1. When residue 460 is evaluated against the numbered criteria (1) surrounded by fewer than 16 Cβ atoms within 10 Å (Cβ to Cβ); (2) assigned to a strand (DSSP E or B), which criterion, by number, is the only one it fails?
2. Restricting attention to the stretch 492-549, which residues are free of Cβ contacts under 8 Å to residues at least 40 places away in the same chain, in a helix (DSSP H, G or I) and hydrophobic (A, V, I, L, M, F, W, C)?
3. Looking at (1) among the hydrophobic types (A, V, I, L, M, F, W, C); (2) at pLDDT below 70; (3) outside any loop (DSSP other than H, G, I, E, B), can you tell me which one residue 397 breaks?
4. Report, by residue number, each residue of the stretch 468-512 that is at pLDDT 90 or above and among the aromatic types (Phe, Trp, Tyr).
5. If you take the residues of the stretch 527-557 that are among the acidic types (Asp, Glu) and at pLDDT below 80, which of them is farthest from residue 581 (Cα to Cα)?
6. With respect to residue 538, determine if the residue is within 30 Å of the chain's Cα centre (by Cα), over 26 Å from residue 436 (Cβ atoms) and surrounded by fewer than 19 Cβ atoms within 10 Å (Cβ to Cβ).
7. So which of 82, 42, 104 ends up being modelled with pLDDT of 80 or more, loosely packed, with under 13 Cβ neighbours inside 10 Å and part of a helix (DSSP H, G or I)?
8. When you scan the stretch 575-591, do you find a residue that is modelled with pLDDT of 80 or more and either surrounded by fewer than 20 Cβ atoms within 10 Å (Cβ to Cβ) or closer than 21 Å to residue 369 by Cβ (or both), even just one?
Amino acid sequence: MSRTASTRRRGRGAPQDGPRASFRQLLPFLFEHKRTLIIVAVLSVIGAATSLVQPLLVGQVIVSVQAGDTLGLLVWALVSFVIISSVISGYQHYLLQRTGTAVVHSSRRQLIARILHLPIREFDSRRTGDLVSRVGTDTTLLYAVLTQGLADAVGSALMFLGALIAMLIIDPILLLIIVVVVGVSLAVVVLLGGRIRTASSAQQVKVGELSSAVERAVGSIRTVRASGATERETDAVSGLARDAYGLGVRIAKVSALVVPISGVALQLSLLAVLGVGGFRVAAGAITVASLITFVMFLFMMLMPLATTIGAITSVNQALGALGRIQEVLDLPTEDQEDAAIAAAVREASGPSTGSGAGVAATGTGLVPALSFHDVRFRYPDTVIAAREAAANEARSLLIDAHLERAEEAVDAETRPDQNVLRGVSFEVPRGARVALVGPSGAGKSTILSLIERFYDPTGGSIRLAGSDIRTYPRAELRAQFGYVEQDAPTLAGTLADNLRLASPDATDADCERVLRAVNLGDVLERGPLGLETPVGEDGVMLSGGERQRLAIARALLTEAPILLLDESTSSLDGVNEQRMREAIDAVSADRTLVVIAHRLSTVVDSDRIIVLEAGEVVGSGTHAELIEQVPLYRDLARHQLLA
């Protein structure tokens, strides 16, 4: 790829405002706690009633004082209602805080469960940090809906309505003045609310990008430092932080308009009531007690109004975050897709699906363990776009001498204009060792991804023991394979944590056995902790070769009948590679092995070697046969397969 093409691609994938949810989409999160919310609503009614009684009692106190009557029970009744109102308010606050926390917990559980069951293509097309941000930051905003917004607004609405009715009874003319002032204020707030929601949604998207950028920079800190890219990465991440800050300021500016609007509404309303009300008292239209009662009801109406205005801001911010949460929750999981896929495959295959084709192909009377039949595959457009964006970021860390090579590798992997695999057919006999070789980007790793059903072919079929793998439940299918990916991750924790990831019931003796089988006995003996020896974040306390051997030990521990090894010896030195080969020879005696070969020494003893180029099989046979018949293999062998 030319630098011009590379520059063109950098313009793609500009961040867009995230999806915005509707209020209806918020309701399921609230209905999970409807019993508590009903209690809160009842308390709100009682609390509103006790608050609304207080101005009436104050009015009666004034009338009694003017008439010279004793106050007696009026004062005690007023004090009692004040205490009851305060107690109800405190308990309601506790229920709302607890329910808000429960809503966040519930949304996080749903989101985590959905994320961890999404198809692999979603992880390949999305930033990890963005997904993490949705679980952490976005869900937190739902808390404010209950504790600062929605539920408070419900109680406030009751208070507002009660005060409104009381004011209507006391003096309709004064109320009309209030309605005009308040109505204009509310109309402006509603208009500003839409802008807050848009800005909040955009801010959450930017926070997700910031999380991704920080995760990438920290996770690649050694590469960043070694490449002299620390300042560039700092500037890039700081730029995203600046963008998020800018959007936050935008929200603050719009929200700041809401505060003076409510203040102006309160002041104008109070001035209008005092001015016009004083005139009406002088004219004898109302009494002083009625005017004071009206003013108290005015404050009771305007305080809920301020709360409602705050609720509108809070809910609009939460709906922006909820849109990002709902976007993930609406994605289908692997299992949800499987039912339709399996049914379609069975219908298309009919009764012919089975072992007949495998028996005829092998001529041995045995169905092959695995077989590919005219398999074609192209990555989804979303994955291609995401890989291009990631490659553009990676290029900023590479020195010029390696830039062109990196761009060529990215092009080979994504192939935006053609299939990664184009009519691939081959068989893996039971108990055989089959090696996949070919230049970078030939489709080797993609083949293992398709076997594991991280993706499904866009054409053709893959069969396990004669049956299309799409007819198997994914968990049952994957239980047949011990898979070691090219850059197998090491999980933060201990040796035992990593080994038992796929075999939670494995004994300590089993774990130690597989570790010694892959020549990791010395790691066990480095300290007194044995299997509880910590490996550090991303296995930083192990060497590259040790991390790779640990991944292989994890696969061996599963005792799966088929092993899939993706360049599993690429990080090993000569001595450890030989020991690894001996270990694999020992454990694969009664297993089927598919290995992506990185070195010639891995290939020569294979029962069958599949040579791939540009997504096609260009040769198949033993090492000696391919040396004679396939020029590409001969060239790869000459360079020890280090393509």
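The values are calculated or read from the model by the stated rules, or taken from the named source; none is laboratory data. Note that the structure is predicted; figures quoted are calculated from it, not measured. With ideal geometry, Cβ positions are generated from the backbone for all residues, glycine too; neighbour counts draw on all protein chains shown.
1. The one condition residue 460 does not meet is (1).
2. 496, 509, 515, 523, 524, 531
3. (3)
4. If the condition is that a residue be at pLDDT 90 or above and among the aromatic types (Phe, Trp, Tyr), then 481 is the only one that fits.
5. Per the criteria, the residue is 537.
6. Working: within 30 Å of the chain's Cα centre (by Cα): yes; over 26 Å from residue 436 (Cβ atoms): yes; surrounded by fewer than 19 Cβ atoms within 10 Å (Cβ to Cβ): yes.
Here the answer is yes, as residue 538 does meet what is asked.
7. Checking each option against the conditions leaves just 42.
8. Yes, the stretch 575-591 contains at least one residue that is modelled with pLDDT of 80 or more and either surrounded by fewer than 20 Cβ atoms within 10 Å (Cβ to Cβ) or closer than 21 Å to residue 369 by Cβ (or both).
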